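Single-structure report; data block below.
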Amino acid sequence: MYPPPFDYQAPDSLEEALAILAEHGYEAKALAGGQSLIPLLKLRFAAPAVLVDLGRIPGLDGVEAADGELRIGALARHNQLAASPLVAERCPAASAAAPQIADPLVRNLGTLGGSLAHADPAGDWGSVMIACGAQLVLASAGGRRTVPATEFFRGVFDTALEPTELLTEVRIPSPRGPAGGTYLKLERKVGDFATVGVAVSLELDGAGRIARAGIGLTAVGPQNLRAAAAEEALAGAEPTAEAFAEAGRLAAGGCEPASDVRGSAEYKRHVVEVYVRRGLARALEIARRS
Amino acid sequence: MEITVTVNGTAETRDVEPRLLLVHFLRDVLGLTGTHVGCDTTGCGACTVLLDGAPIKSCTLLAVQADGRAVTTVEGLIENGQLHPIQEAFKEEHGLQCGFCTPGMMLVAKALIESNPDPSEEEVRWAISGNVCRCTGYTNIVKACRRAAAQIRQAEVAS
Ligand SMILES: Cc1cc2nc3c(=O)[nH]c(=O)nc-3n(C[C@H](O)[C@H](O)[C@H](O)COP(=O)(O)OP(=O)(O)OC[C@H]3O[C@@H](n4cnc5c(N)ncnc54)[C@H](O)[C@@H]3O)c2cc1C
Ligand code: FES
Ligand code: FES
């Protein structure tokens, strides 16, 4: 299968890439790892007139800790993040999610930014970013803006990105107190998209109570969901098994799974309940060790 | 568009359409048909090649994206007319039946052994988890990868 013809541009600076997008708007599409876009081109679900390959732009794949946050460039690849000691230290939920995305071959090319921009409701990164309270940096020829992950996803394959914008960086605030996080994913076989995925991030205060709980849900709604009711119930509470069980029930009640080949809505809801509870317990273990 | 890709150590310069996939560049332009097309939808790993040493699916990369980079295909495993230890090990351990998945499996094994000279069974299974085999049941593929690793370690001690 061949992709439809397009005009290929491989700019070597971000400014140049943004200028091309500003000129072509809806006619242009960015190419990052290509692991979602190239299959879509081959199936003729997408047929952009201009393809802007971001792969030649230096400096967009960095991982660094600065100013109380972990900054990850949009072009950082899944495998790179799975192997990063800095990500493991600062964001255990991301570290747990990365090696569960797709398969090793796809992880060698697929990028964090491409995954978020693609906004597949079964994509894993979105839930992690929601749980961790990440801010996404969007750039256009006209300037930059920052959008919280909780407001970035708008629906199935739909985000806050304008056609003239690129996602350049993700900023994850570093916790101030003891903290932990994880990502639990149920898949039919290794390499499959999630039947259900749950990202959890937990921060404790000086007294050992929950300062902040973040919970993101994968594949149980039209987009990656924030389990807002569960998060609110946990804030300020003691991190007890009862509180975690209640959070699981609230998250399960608030999600919108659909029955499909991967399981019934009822089953998925049940898995959300169990995984939120387990994920919180795991995050607490990590926090108490940190 | 003119691109230069170093394939199995040789710089290959060709004028290609931007929409040409790397797998077709290898098979149809260069005549290297050892790289197979299985699913053509990024699901099976039959088209695996090494891009700057890392295994990727060549049906899901444009040839123009490989411009200026190095690609290794199964044809690049053979050295001075001698089978590579990985090829020997697949033969010895019956690591293949129809052979359709084999080029991809062997290239994944090459990348794995380079980064981890003594992979456990679990590590081999994890590494090949993007490559589907419809014949063998994987057991002998795993054995072959570990035998190859042992052989390569021995050869290094000897030299
Ligand atoms: C077999 C298979 C299994 C997979 N399994 C999983 C899985 O389990 N979990 C999961 O989360 N994902 C999975 N994926 C998807 C994979 O993670 C992709 O890498 C990811 O969805 C897209 O990232 P990419 O870098 O490849 O983006 P591309 O395919 O290059 O682009 C995807 C989209 O994002 C846009 N885009 C890319 N980068 C930017 C940017 N910086 N700014 C603005 N727009 C941009 C593109 O224009 C395009 O519309 C799977 C893919 C395959 C082929
Ligand atoms: S042919 Fe490329 S993954 Fe199947
Ligand atoms: S040997 Fe036939 S597919 Fe693997």
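The values are calculated or read from the model by the stated rules, or taken from the named source; none is laboratory data. The structure displayed is predicted, hence computed values, not measured ones. Here Cβ is always computed from backbone atoms with ideal geometry, including for glycine, and neighbour counts include all displayed protein chains. Ligands, DNA and RNA are excluded from the accessible area calculation, which covers all protein heavy atoms including side chains. Shrake-Rupley method; radii C 1.70, N 1.55, O 1.52, S 1.80 Å.
Between 0 and 90 degrees, rounded to the nearest ten: what's the tilt of helix A:14-24 against the longest Cα principal axis of chain A?
For A:14-24 against chain A, the angle is about 70 degrees.
Considering every residue in A:278-287, what mean count of other chain Cβ atoms within 10 Å of its Cβ is obtained?
Counting other chains' Cβ atoms within 10 Å and averaging over A:278-287 gives 0.
Which lysines, on any chain, are close to B:LYS110 with Cα under 23 Å apart, when same-chain ones fewer than 8 places away are left out?
B:LYS57, B:LYS91, B:LYS143
In Å², and per residue, what accessible area does region A:179-284 have when probed at 1.4 Å with the other protein chains present?
41 Å²
Straight distance only, please: which aspartates and glutamates reach the Cα of A:LYS185 with their own Cα at less than 19 Å, same-chain residues fewer than 8 apart left out?
A:ASP103, A:ASP120, A:ASP124, A:GLU256, A:ASP260, A:GLU266, A:GLU273, A:GLU285
How large, in percent, is the carbon and sulfur part of the accessible surface of chain A at a probe radius of 1.4 Å?
50 percent
Under a no-solvent Debye model with one identical scatterer per Cα of region A:1-82, what's log10 I(q)/I(0) at q = 0.11, 0.13, 0.23 Å⁻¹?
At q = 0.11, 0.13, 0.23 Å⁻¹ the computed log10 ratios are -0.35, -0.48, -1.10.
What's the average, rounded to a whole number, of partner chain beta-carbon atoms within 10 Å of each residue's beta-carbon in B:127-133?
Rounded to a whole number, the mean comes out at 4.
At 1.4 Å probe radius, can you tell me the per residue accessible area of region B:85-158 in Å²?
Value returned for region B:85-158: 51 Å² of accessible area per residue.
What is the helix-to-structure angle for B:102-115, meaning the angle in degrees between its Cα long axis and the longest Cα principal axis of chain B, kept from 0 to 90 and rounded to the nearest 10?
Approximately 70 degrees, to the nearest ten.
Whole number in Å², please: accessible area per residue of region A:7-52, 1.4 Å probe, ligands, DNA and RNA not counted.
With the other protein chains kept in place, region A:7-52 gives 46 Å² per residue.
Using the Cα centre of the protein assembly as shown as the reference point, and only Cβ charges (+1 on K/R, -1 on D/E), how large is the resulting charge dipole? Debye, rounded to the nearest 20.
Computed about the Cα centre, the dipole is about 1100 debye.
Quick check: from the Cα gyration tensor, does region A:108-237 come out rounded (a/c under 1.5), prolate or oblate?
Oblate, since a/c reaches 1.5 and b/c is not below a/b.
Evaluate peptide B:54-67: per residue, the Cβ atoms of other protein chains within 10 Å of its Cβ; return the mean as an integer.
Mean shielding count: 6.
Rounding to the nearest 10 and keeping the result within 0 to 90°, find how far the Cα-based axis of helix A:265-289 lies from the longest principal axis of chain A.
Result, in degrees: 80.
If I model the protein assembly as shown as equal point scatterers sitting on the Cα atoms and use the Debye formula, what is log10 I(q)/I(0) at q = 0.11 Å⁻¹?
-0.91
Would you mind pulling out the separation of the Cα centroids of region A:246-290 and region A:209-234, in Å?
10 Å
Along the charge dipole of region B:15-137, Cβ charges K/R +1 and D/E -1, which of B:THR42, B:LEU112, B:VAL124 sits furthest on the positive end?
Toward the positive end, the furthest listed residue is B:THR42.
Name the residues of region B:1-49 whose accessible area falls by at least 50 Å² when all protein chains are present instead of the chain alone, probe 1.4 Å?
Residues of region B:1-49 that lose at least 50 Å² of accessible area once the other chains are added: B:ARG19, B:ASP40.
Can you tell me which of A:ARG262, A:ARG278, A:ARG107 moves the most in a GNM of chain A? Springs connect C-alpha atoms under 10 Å apart.
The residue that fluctuates most here is A:ARG262.
Set Lys and Arg Cβ to +1 and Asp and Glu Cβ to -1, take the dipole of the protein assembly as shown about its Cα centre, and tell me which of A:VAL50, A:VAL106, B:LEU22 lies farthest positive.
Result: A:VAL106, furthest along the dipole toward the positive end.
What is the sum of charges around A:LEU41, taking Lys and Arg as +1, Asp and Glu as -1, for the other residues whose C-beta is under 12 Å from the C-beta of A:LEU41?
+4
Can you give me the three principal axis dimensions of region A:179-284 from its C-alpha atoms, in Å, biggest first?
45, 25, 22
So the label point goes 7 Å from the Cα of B:ALA158 along Cα→C-beta, right? Which residues of region B:118-143 then have their backbone N under 12 Å from it?
Taking a point 7 Å out along Cα→Cβ of B:ALA158, no residue of region B:118-143 has its backbone N under 12 Å.
Nearest 100 Å² is fine: how much accessible area is buried between A and B, summed over both sides, with a 1.4 Å probe?
Counting protein atoms only, the buried area is about 2400 Å².
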